[in-house]
1. If Glu198 passes every condition in (1) within 28 Å of the chain's Cα centre (by Cα); (2) at pLDDT 95 or above but one, which one does it miss?
2. Starting from region 259-280, take each residue that is under 16 Å from Ile479 (Cβ atoms) and hydrophobic (A, V, I, L, M, F, W, C) and list its partners that are modelled with pLDDT under 85 and part of a loop (DSSP other than H, G, I, E, B), counting only C-beta distances under 7 angstrom and pairs at least six apart or across chains.
3. Of all residues in region 484-510 being modelled with pLDDT of 85 or more and within 25 Å of the chain's Cα centre (by Cα), which is surrounded by the fewest Cβ atoms within 10 Å (Cβ to Cβ)?
4. Of Val389, Val368, Val379, which residue is under 21 Å from His426 (Cβ atoms), modelled with pLDDT of 85 or more and among the hydrophobic types (A, V, I, L, M, F, W, C)?
5. Any residue at all in region 286-301 that's modelled with pLDDT of 90 or more, of a type in the set (A, V, I, L, M) and over 17 Å from the mean Cα position of the chain (by Cα)?
6. State all residues of region 190-220 that are touching an Asp or Glu at 6+ places or on another chain (Cβ under 7 Å) and either touching a residue at least 60 places away in the same chain (Cβ under 8 Å) or part of a strand (DSSP E or B) (or both); if no residue qualifies, say none.
7. Pairs under 8 Å by beta carbon, first residue within 14 Å of Ser497 (Cβ to Cβ) in region 526-537, partner small (Gly, Ala, Ser) and surrounded by fewer than 20 Cβ atoms within 10 Å (Cβ to Cβ), six or more apart or different chains?
8. Inside region 302-374, counting only strands (runs of 3 or more DSSP E) that do not spill past its ends, which hold 2 or more residues that are surrounded by 24 or more Cβ atoms within 10 Å (Cβ to Cβ), in contact with a strand residue (DSSP E or B) (Cβ under 6 Å, 6 or more places away or on another chain) and not hydrophobic (A, V, I, L, M, F, W, C)?
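The values are calculated or read from the model by the stated rules, or taken from the named source; none is laboratory data. Every value quoted in this text rests on a predicted model; they were computed, and no experiment measured them. All Cβ positions, even for glycine, are placed from backbone atoms using ideal geometry, and neighbour counts span all protein chains on display.
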Amino acid sequence: MRHPKRRQRLSTPVKVTAWILTIALLAVFAYLLYEAWAVQIFSDAQILVAGGLILILILCLIWGMFRRRTDTWKRVLIMILCAALSAGLGVGGYYIQATSDFFSAIGLSRRPSHSGSNGNGSNEDDGTNDAIANEAAALSEKMAVTVTTYAMKVSEIHSPADLSGKKIGTVQALDPEGTENALRQLENSGMKDAETVEYADQFTLVTALYDNVVDAIILPEQYHADLLEAADDVNQYNALTTFTDTVDQYIYYEDIPEDVRNEPDEVDDITKDPFVVMISGSDSYGTLNPKSRADVNMLAAVNPQTHEVLLVSIPRDAYMSFSCKKNAQACGYAAGQMDKLTHSGIYGIGTTESSIEDFLDIDINYTVQVNFSSLINVVDAIGGIDVEVEPGLEVETFYANGTEGVHEGVNHLDGERALAFARERHAYQDGDNQRIKNQQIVMKAILKSMLNPSMLFSYPAFLRALSTAFTTNMPSEQIRELIRLEVSSFPSWNIQSYALAGDSSTEFCAALGTNAYVTLVYESNVQTAHELIEDVIRGRKPEIPEPSTDTSYSTGSQKNQNESEAPDQEPVPYDPYGYGYGNYDPNAGNQQTPVQDPGYSGTEPIEDIPYDPGQDGTGGSFGEEVPVDPGNTFDPGADAGQVPVE
């Protein structure tokens, strides 16, 4: 006769451990539920079903821990499972909280934002600033301003604590409040007894770092553009991000200037209505300047009902007429001028948007603006990307920043090399057309890395980088709705891409006041891009065609057959008012040495720097515009000493 198993009293240590695990389980479960509700991307049904299943599992585990008849080894196993589940729920809640904070950063301001040296207000900060949680701002209303702490790669300084007892160079006059808050943030992150050394400007500051006079520097990134403008083969100011590591970043937000605000053309229901997003990549580091060259121009046509996504890339040098219908205040005299697309960005992203709309005869609903730092930070946050290079497309050294190139096959790129790969054109026979292909390769590689399981460990860092990597005029609620659509139904998106192409030429560019290298896009490509986008909008499946043999041009300007296909160098920018594009003397005639682009090796084509009568030469700020005759009466064939057009 079998006797029932006698119930054993639980020992005090077992009871205490069981109660601790029970409280921990219930606490992290409540935390997870709250964060899942607060992020507003999960449906009520999803939260109820998932929460119910997790709660049932928790109750079963608790019952098993306290049940007296449970064997000792089983009880130990249940306790281990409880601890593991507590950790898992806690990590899940933390990641959802990071996502919620990211949404706050791109849409819902939770506290007044620090205004910096040029702002209208201030914000008391305890130095524990976090780009996501503490300085949230609506990116349709504000722009992120970054103050970066740099140290040389060879210095082995990688964290604020490593700066203890070291010398840090600063230029307080550039951004007093931002610099002070950056120092306070370093101190709160472990830096002790550091010595600050004050410099007159950003140039002597960087030189001091290069010469090892200081161990690190604090640079307000809105002045990074000045370094690029002044760079040459000696000072190498353009290689700051190549030679250094980012130790820390203090981030705050300022209002977007009124003259470059760009209102969206919103759709009624972004989860059902098709829409077009313009992605514009500017040629700047650090702070996203609303007025900067548009070096990357890509459209994403999205149909949420058919799950079709079409990426259309447009060459940066595409020759077209500028349109000012989105923001006449920023655009001004550029309306109707013929120029290359990249120059449209110096009149604000609205000018780029409306010019592309007219060029392709389409409507663009939203814009997203990124820059060089955006790509570097995001790629580094996800641990780098893998790109595959086809035979014959190897590059020994990237022209853009002098970093190591790529070899045939799979290459793992960090942020700096990924940027150089996306910018490279001089190493390729196909020039800008290959650069467009590289940019699409980089974008797809980023998406692939984001879907990799290893992303689990870098997710918070990725969200922090992403929160300051772009500005957009898409309302935050619509971004939430798109993500809610993704997590609620997990649609299978069909992503296709198409790139416009054309021939090289030299044409008059209004922003330069002279002739410059341009791309004359084939009319057949323009028509095809229009039709493909319309297919997505109308709910039809776009069929990417074979390359067309029609080589007529879309600009109405015939290619000069006497011009070479790829000019050896770009023309010197005409600067009649002396605003400082490389010490160019307008009275010296055409025999002077051409102005060189930062990092120019002497063997590659010179990147043109657009002449903008409203630019003060600092590379970032724009002052009062000098009137220019909209009739293009400036004669590009005359010598450089002619009297400026008024």
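1. (1)
2. none
3. My answer is Asn494.
4. Val389
5. For region 286-301, residues modelled with pLDDT of 90 or more, of a type in the set (A, V, I, L, M) and over 17 Å from the mean Cα position of the chain (by Cα): present.
6. Within region 190-220, just Pro220 meets the criteria.
7. Thr528/Ser548
8. Passing ranges, in order: 338-340, 366-370.
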